[in-house]
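A quick write-up on the structure given underneath.
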Amino acid sequence: MSLLAMNDVSLSFGGVKAVQDVSFSVEKGEVFSIIGPNGAGKSTLFNLISRLYDCESGQIFWQGEEITSVPSHRIAELGIARTFQNTELFEHETVLRNLLIGKHIHRRSNAVADMFFLPSVRRQELVFRKEVEDVIDLLNLQHYRDQVIANLPYGVRKMVEVARALCIQPKAVLLDEPSSGLNPEETEDVSFWIEDINEELGATVIMVEHDMKLVSQVSDRVLALADGQVLATGTPPEIQQHPEVLRAYLGDAE
Amino acid sequence: MRFVQKTSYDQDIRFFEHRGQVFWYGLLALAVLIAPLFIERFYLGELSLVFIYAIAGIGLMLLVGYTGLVSLGHAAFLAIGAYSQAWLMNQGVPFPLTLPLSGFITAAVGALVGIPALRMTGIYLAVATLAFAIIVEQVIIHWPAVTGGFTGMVVPRARIELINLDLQQPIAFYYLCLAILVGCLLIAMNLLRSPTGRAFRAIRDSEISAQSLGIHLSSTKTLAFALSAGFTGVAGSLFAHKLGYLAPDSFTIQTSILLLLMVVVGGVGSLHGIIYGALFIGFLPQMLAVARDLLPVGIAQMPGLEPALFGLILILVLIYEPLGIYGRWLKIRSYFEQFPLYRRATHKRQKSYLRTERLR
């Protein structure tokens, strides 16, 4: 049984067929990359998995269970975390609080207990704080803990967003272009972090990425997408030599 | 500048970061506790009114400053709180019970209104809450059996029979308002340092990622709306005792705008801002009265001077100090902390980076 499976999923916006009959499956523990030219439907695919968009047809399965119509705020509870292409952080809050918001699905207190900050809430807060600190340690964010997001450079924001996703303690992390807007050095760091997340935390990584060097360094399997359709699936070298993929990126020989 | 070395996670949770803060807040507490010994009756009454405004401000700040939802109809919740207080007291419910009860009633109304209203955002929500305020005003006028209609209703004196304490003595009322303000502030601070408050802030900054982190948007927003209404309702019931006599014209659109002005001028997104804002709107009429004596007669006697000045101040604040009085205070403080190294760009904010296109 695959961790995540898409089964003939389609979605169109007006006349544009953003995703057409896409099927693929991701196995537990993999690093699975999705590549494709601009407008291929990669981010749409992510938005379908995190249920921000509804599928027009087809099904999505998570650990064998259908999640095609699960409401989007339940997706995190299932263990699917994600980041966004241009970062969607809570800009007026500190890094620490951003990460603590990532702990939301683990809360056991209700609003009334919160109002009086009962001892159980305090204990829960201390546990959250400790777990957040572990993530800060893993991604080396100690320096930025108490800084407001609006003051941070873009590269750091990207990492904070990954950290926030990890606070969910997810089974799978969806990374939407983790290296976009980063310099080559930062991109190199991203590849190490992806390996850490995958090996140390045991999380399956599904990422949309344009940087082929990064893709071939870290991925186990790659899915190539163009115009909303699957071109090919395979290991990075297979995909890089696949004639269809080459045509999608470079055009025909003549 | 002070650097606090943190040695336990508890330090991130505590209200006070260091001893200096404990000292200054302690001094403030002492000052407000002994104030009745030194202050004239009239100003004591005005200060109680400031406390009442501040309680309502906590409610509105939770909504506007922390959840990012605008309400132009909070006078309606103030009215509901005030009328339920007066009605309950007229039914013979003892005073200590009426206060939380009218808070609950207002919170329940807030939740009911919130469920449909919170499907809207921004300007549409503002208009919807404005409409709600007008409806409440009309209901008060046309439901004389409960509200006394146009003639209004008398608010019974707040007394605790058991110990024969008249809470409407100026000094007793001052302490009552102060105690409830402190209680409400503690509740708000607790909320803001716990998961509920963090969910509010998350929704304010990015609904889309709040959702993908597992926050249920509509129920969290409804909770924020209900809590906000509840705080305002408690303020309303104290306001009823302050006024002594309720009539529909005590709770107009102008009151709603005054409440919003308080939150904006004080500083959106901070609890300190509420206190500054409440002091501001509480004492501005007095300052204007003083200013009138100094101004040339032609200007001083002009009708509508007060609302015009309120409007002017609101516009100036929005242009020059969007973070309000509290934001200005933070800048002044960091100027002295960093003296002589303060740079003018310290508080400049970069334009935010491109964000993911809105999905809905």
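Of everything in the stretch B:225-277, what is touching a Phe, Trp or Tyr at 6+ places or on another chain (Cβ under 8 Å), farther than 27 Å from B:Arg159 by Cβ and outside any helix (DSSP H, G or I)? Give them in sequence order.
B:Gly267, B:Gly269, B:Ser270
Can you name the helices (runs of 4 or more DSSP H) wholly within the stretch B:108-219 that have at least 3 residues being more than 30 Å from B:Pro248 (Cβ to Cβ) and within 14 Å of chain A (Cβ to nearest Cβ)?
The helices (runs of 4 or more DSSP H) meeting that bar are B:170-192, B:195-205, B:207-212.
Out of (1) more than 8 Å from chain B (Cβ to nearest Cβ); (2) among the hydroxyl-bearing types (Ser, Thr, Tyr); (3) under 20 Å from A:Val162 (Cβ atoms), what's the single condition that is false for A:Ser50?
Every condition holds for A:Ser50 apart from (1).
Helices (runs of 4 or more DSSP H) wholly in the stretch A:165-249 with at least 3 residues that are closer than 23 Å to B:Ala210 by Cα and either in contact with a Pro (Cβ under 6 Å, 6 or more places away or on another chain) or modelled with pLDDT under 95 (or both) - which ones?
Hits in the stretch A:165-249: none.
Pairs needed: first member in the stretch A:55-78, free of Cβ contacts under 8 Å to residues at least 40 places away in the same chain; second member anywhere, among the acidic types (Asp, Glu) and part of a loop (DSSP other than H, G, I, E, B); C-beta distance under 8 Å; at least 6 residues apart or different chains.
Close Cβ pairs satisfying both conditions: A:Ser69/A:Asp54.
Out of everything in the stretch A:94-104 that is touching a residue at least 40 places away in the same chain (Cβ under 8 Å) and crowded, with 21+ Cβ neighbours inside 10 Å, what residue ends up being farthest from the other protein chains (Cβ to nearest Cβ)?
Per the stated criteria, the residue is A:Val95.
Here are some residues: A:Asp137, A:Asp114. Which one is over 23 Å from A:Arg74 (Cα atoms) and either within 12 Å of chain B (Cβ to nearest Cβ) or in a helix (DSSP H, G or I) (or both)?
Sole residue among the options that is over 23 Å from A:Arg74 (Cα atoms) and either within 12 Å of chain B (Cβ to nearest Cβ) or in a helix (DSSP H, G or I) (or both): A:Asp137.
Take the residues in the stretch A:129-163 that are crowded, with 20+ Cβ neighbours inside 10 Å and in contact with a strand residue (DSSP E or B) (Cβ under 8 Å, 6 or more places away or on another chain); name whichever of them is modelled with the lowest pLDDT.
Among those that are crowded, with 20+ Cβ neighbours inside 10 Å and in contact with a strand residue (DSSP E or B) (Cβ under 8 Å, 6 or more places away or on another chain), it is A:Ile149.
Failed condition for B:Arg157, given (1) touching a Ser or Thr at 6+ places or on another chain (Cβ under 6 Å); (2) closer than 20 Å to B:Gly45 by Cα, with all others met?
(1)
Among the residues of the stretch B:138-158, which ones are under 16 Å from B:Ala240 (Cβ atoms) and either modelled with pLDDT of 90 or more or buried (at least 17 other Cβ atoms within 10 Å of the Cβ) (or both)?
Across the stretch B:138-158, the qualifying residues are B:Ile140, B:Thr147, B:Gly148, B:Gly152, B:Met153, B:Val154, B:Val155, B:Pro156, B:Ala158.
Do the conditions hold for A:Gln85, that is, is it within 13 Å of chain B (Cβ to nearest Cβ), surrounded by fewer than 20 Cβ atoms within 10 Å (Cβ to Cβ) and either closer than 30 Å to A:Phe13 by Cα or modelled with pLDDT of 95 or more (or both)?
yes
Checking the structure you have, find out if any residue of the stretch B:199-209 is polar (S, T, N, Q) and free of Cβ contacts under 8 Å to residues at least 24 places away in the same chain. Walk me through how you get there before you give the answer.
Quick first cut of the stretch B:199-209, residues polar (S, T, N, Q) only: B:206, B:209.
Now drop any that are not free of Cβ contacts under 8 Å to residues at least 24 places away in the same chain, which leaves B:209.
There is at least one residue in the stretch B:199-209 that is polar (S, T, N, Q) and free of Cβ contacts under 8 Å to residues at least 24 places away in the same chain.
Using the structure shown, decide if B:Ala308 is within 24 Å of B:Phe42 (Cα to Cα) and loosely packed, with under 15 Cβ neighbours inside 10 Å.
For B:Ala308, the condition - within 24 Å of B:Phe42 (Cα to Cα) and loosely packed, with under 15 Cβ neighbours inside 10 Å - is not met.
The values are calculated or read from the model by the stated rules, or taken from the named source; none is laboratory data. All figures in this text were calculated on a predicted structure; none of them were measured in a lab. Heads up, the Cβs are rebuilt from the backbone with ideal geometry, glycines too, and the neighbour counts pull from every protein chain shown.
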